[in-house]
1. Where residues in region 1-31 are loosely packed, with under 14 Cβ neighbours inside 10 Å and under 23 Å from the mean Cα position of the chain (by Cα), which of them is nearest to Met127 (Cα to Cα)?
2. Is it fair to say Ile172 is crowded, with 16+ Cβ neighbours inside 10 Å, touching a residue at least 60 places away in the same chain (Cβ under 8 Å), closer than 26 Å to Pro237 by Cβ and among the β-branched types (Val, Ile, Thr)?
3. If I filter region 56-89 down to residues being within 21 Å of Val252 (Cα to Cα) and within 16 Å of ligand 1 (Cβ to nearest atom), which single residue comes out as surrounded by the fewest Cβ atoms within 10 Å (Cβ to Cβ)?
4. Out of all the residues in region 107-114, is one or more away from ligand 2 (no atom under 15 Å from the Cβ), part of a helix (DSSP H, G or I) and in contact with a strand residue (DSSP E or B) (Cβ under 8 Å, 6 or more places away or on another chain)?
5. What number of residues within region 64-78 satisfy the criterion of being part of a strand (DSSP E or B), closer than 18 Å to Ile113 by Cα and away from ligand 2 (no atom under 16 Å from the Cβ)?
6. List the residue pairs whose Cβ atoms are under 6 Å apart, where the first residue sits in region 113-133 and is more than 21 Å from His185 (Cα to Cα), the second is within 16 Å of ligand 1 (Cβ to nearest atom), and the two are 6 or more positions apart or on different chains.
7. Restricting attention to region 35-47, and to residues there that are more than 12 Å from ligand 2 (Cβ to nearest atom) and not hydrophobic (A, V, I, L, M, F, W, C), which single residue is nearest to Leu99 (Cα to Cα)?
8. In region 218-225, is there at least one residue being out of contact with any strand residue (DSSP E or B) (no Cβ under 8 Å at 6 or more places or on another chain), more than 16 Å from ligand 1 (Cβ to nearest atom) and assigned to a loop (DSSP other than H, G, I, E, B)?
Amino acid sequence: MLRDPVENFICIQCGTQFEGTAQPPSSCSICEDERQFVRHAGQGWTTLDMLARDHHNRIEDEAPCLLGIGTEPEFAIGQRALLLQSPGGNLLWDCISLLDDKTIAEINARGGIRAIAISHPHFYSSMIEWAERFDAQIFLHAADREWVMRKGPRIQFWEGATFSLWDDLTLINCGGHFEGGTVLHWPAGGNGKGALLTGDIVTVVQDRRYVSFMQSYPNLIPLGPAAIRRIIERIEPFSFDQIYGGWWQANVLSDAKAAVARSAERYLRAIA
Ligand SMILES: [Zn+2]
Ligand SMILES: [Zn+2]
């Protein structure tokens, strides 16, 4: 008997790749969650091959040793990943759905990927494809385990408040937007004064002297005071002068730690 070929379908709205199935899944639980939304035309699916037909990746330095990789035309939530180039090995921070030959060649020319770490489920995207292609491990916070739509032995769940990688890179669990919400501290970044890579766990807003923190960005659901205070407490021990958010040029390029403090104060005042 002939079996239907299995595909790893990708949700068009959030960019998440799912476990292999013969037919597209009936729904996307990430999009049905209140932090996302199902697109107005209804649930839609694509595949990596289909996506590669009319999309490519823009690959461009965001800072020295920090290469941005984002899909054009914009796909799903439009984020860009960051390839952090460090002496002990490159870390892919966050991830995107599209992986094509040109992207693979550009990354290999810079030393490949030792490991992938992701801020939260909205950026899990095609992480397993990336991990397999670059023979890399994936570090995810265990509190978000239920949101992994394509599982695999390359995923290592970590627990607690912090997790140390190589070259003093540290994953910090901030919670907030997602319980496992994670930021990365890069002490050599920010011209040696330190940088945080944040996705939208700490999101850089239009006025780049400020950041913000939300339960849901598309549905404008704020966080409460305890969640805001926990984020501030968790990053307090780390020095940093810059923040690289989840989208192109969504970066605070100086005095970032003070920007987080003044943003949290403003937020707490607004919801008091
Ligand atoms: Zn989705
Ligand atoms: Zn998100």
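Read the figures in this text as sums done on the coordinates, not as results from a lab. Since the structure is predicted, the reported quantities are computational estimates derived from the model, not experimental observations. We place every Cβ from the backbone using ideal geometry, glycine too, and count neighbours over all the protein chains shown.
1. By that ranking, first place goes to Gly20.
2. yes
3. Across region 56-89, the extreme among qualifying residues is Gly78.
4. Yes, the conditions are met somewhere in region 107-114.
5. Number satisfying all stated conditions: 4.
6. As it stands, the answer is Ser125/Gly15; Ser125/Cys95; Ser125/Ile96; Ser125/Ser97; Ser126/Gln17; Ser126/Ser97; Ile128/Arg150; Trp130/Cys95, since those pairs meet every condition given.
7. Thr47
8. Scanning region 218-225 turns up at least one residue that is out of contact with any strand residue (DSSP E or B) (no Cβ under 8 Å at 6 or more places or on another chain), more than 16 Å from ligand 1 (Cβ to nearest atom) and assigned to a loop (DSSP other than H, G, I, E, B).
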